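A.B. asks: Below: one structure in C-alpha cells.
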Amino acid sequence: MTINDVKELLNAKAIAGQTHLEDEVNNACATDDLSDVMAFAKSKMILLTGLVGTQAVRTAKMMNIRCIVFVRGKNPDDSVIQLAEEMSIVILTTDYRMYDACGLLYSSGLGHEEENSD
C-alpha cells in the first residue's frame, strides 16, 4: 500500500511531504504515547496519533516512520509542518477518530503482511 492509498482511504489531506506519497507502507502504529512508538516501531510504518507537536515528528524520524496521520481533525502548526518537510516525513490529517482510521486501514490490508510472514 502507498501513502497515497492511505490518504485516499482516510479521506485525508496531505499537508507536508507530498513528494513522498508514492512511498510504500505496510504497518501502522496508533497511539498518543510516543514511548510506545519507540517500543513497537517496524519497517515501512505509519503513525496515527492525535499529538500534533514537533515531538511526534522527531520520534517518527528517529524510528524511520515515513508518514504521520493526525486523527480527529487535528491540524499541526507551521513549526510541525516545516520540521516534517525538513525531515521528509509525510503529514496527513483526517477527520476520522483513531479507532475508525485503524479499522479502515486494517480492513484494506495494511498490516496483513506480518500475519502471513511466519
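A.B. asks: If I ask for residues that are at negative phi and either assigned to a strand (DSSP E or B) or surrounded by fewer than 22 Cβ atoms within 10 Å (Cβ to Cβ) (or both), which ones from region 67-79 would you list? First the steps, then the outcome.
C.D. replies: Applying the first criterion (at negative phi) to region 67-79 yields 67-71, 74-79.
C67, I68, V69, F70, K74, N75, D77, D78, S79, listed by residue number.
A.B. asks: Next question. Between a residue in region 58-73 that is farther than 14 Å from D23 by Cβ and any residue that is modelled with pLDDT under 95 and open to solvent by 70 Å² or more (accessible area, probe 1.4 Å), which pairs come within a Cβ distance under 7 Å, given they are 6 or more apart or on different chains?
C.D. replies: That search, which allows pairs on different chains as well, returns T59/M38; M63/M38.
A.B. asks: A further question follows. If you take the residues of region 1-31 that are assigned to a loop (DSSP other than H, G, I, E, B) and without any contact (Cβ under 8 Å) to a residue 40 or more places away in the chain, which of them is farthest from Y96 (Cα to Cα)?
C.D. replies: Initially, region 1-31 is screened for residues assigned to a loop (DSSP other than H, G, I, E, B), giving 1, 10-12, 17, 21-23, 25-26, 31.
This time we only want the ones that are without any contact (Cβ under 8 Å) to a residue 40 or more places away in the chain, so: 22, 31.
On the way: E22: 22, T31: 14 Å.
The extreme case among them is E22.
A.B. asks: Evaluate region 80-93: report whether one residue or more is in contact (Cβ under 8 Å) with a residue 40 or more places away in the chain, in a loop (DSSP other than H, G, I, E, B) and either open to solvent by 60 Å² or more (accessible area, probe 1.4 Å) or of a type outside the set (D, E, K, R) (or both).
C.D. replies: Looking for residues that are in contact (Cβ under 8 Å) with a residue 40 or more places away in the chain, in a loop (DSSP other than H, G, I, E, B) and either open to solvent by 60 Å² or more (accessible area, probe 1.4 Å) or of a type outside the set (D, E, K, R) (or both), one finds at least one in region 80-93, hence yes.
A.B. asks: Within region 30-42, does at least one residue satisfy the condition of being within 21 Å of G109 (Cβ to Cβ) and open to solvent by 60 Å² or more (accessible area, probe 1.4 Å)?
C.D. replies: For region 30-42, residues within 21 Å of G109 (Cβ to Cβ) and open to solvent by 60 Å² or more (accessible area, probe 1.4 Å): present.
A.B. asks: Considering only residues of region 54-65 that are among the hydrophobic types (A, V, I, L, M, F, W, C) and not in a loop (DSSP other than H, G, I, E, B), which is surrounded by the fewest Cβ atoms within 10 Å (Cβ to Cβ)?
C.D. replies: Taking region 54-65 first, the residues among the hydrophobic types (A, V, I, L, M, F, W, C) are 56-57, 60, 62-63, 65.
Filter once more, so that each one left must be not in a loop (DSSP other than H, G, I, E, B): 56-57, 60, 62.
On the way: A56: 25, V57: 27, A60: 27, M62: 13.
Looking at the filtered set, the residue picked out is M62.
A.B. asks: Mind listing whichever residues of region 54-87 are among the small types (G, A, S) and touching a strand residue (DSSP E or B) at 6+ places or on another chain (Cβ under 9 Å)? Full working, then the answer.
C.D. replies: Initially, region 54-87 is screened for residues among the small types (G, A, S), giving 56, 60, 73, 79, 84.
A56, A60, G73, A84 - these are the residues of region 54-87 that are among the small types (G, A, S) and touching a strand residue (DSSP E or B) at 6+ places or on another chain (Cβ under 9 Å).
A.B. asks: For region 43-53, name all the residues that are open to solvent by less than 70 Å² (accessible area, probe 1.4 Å) and either at pLDDT below 95 or in a loop (DSSP other than H, G, I, E, B) (or both).
C.D. replies: First pass over region 43-53, keeping only residues open to solvent by less than 70 Å² (accessible area, probe 1.4 Å): 45-53.
M45, G50, L51, V52, G53 - these are the residues of region 43-53 that are open to solvent by less than 70 Å² (accessible area, probe 1.4 Å) and either at pLDDT below 95 or in a loop (DSSP other than H, G, I, E, B) (or both).
The values are calculated or read from the model by the stated rules, or taken from the named source; none is laboratory data. Quantities reported herein were computed from a predicted structural model and do not represent experimental measurements. Because the Cβ atoms are built from the backbone with ideal geometry, glycine has one as well, and the counts that use them run over all protein chains shown. In case anyone asks, the SASA skips ligands and DNA or RNA and just uses the protein heavy atoms, side chains included. Shrake-Rupley method; radii C 1.70, N 1.55, O 1.52, S 1.80 Å.
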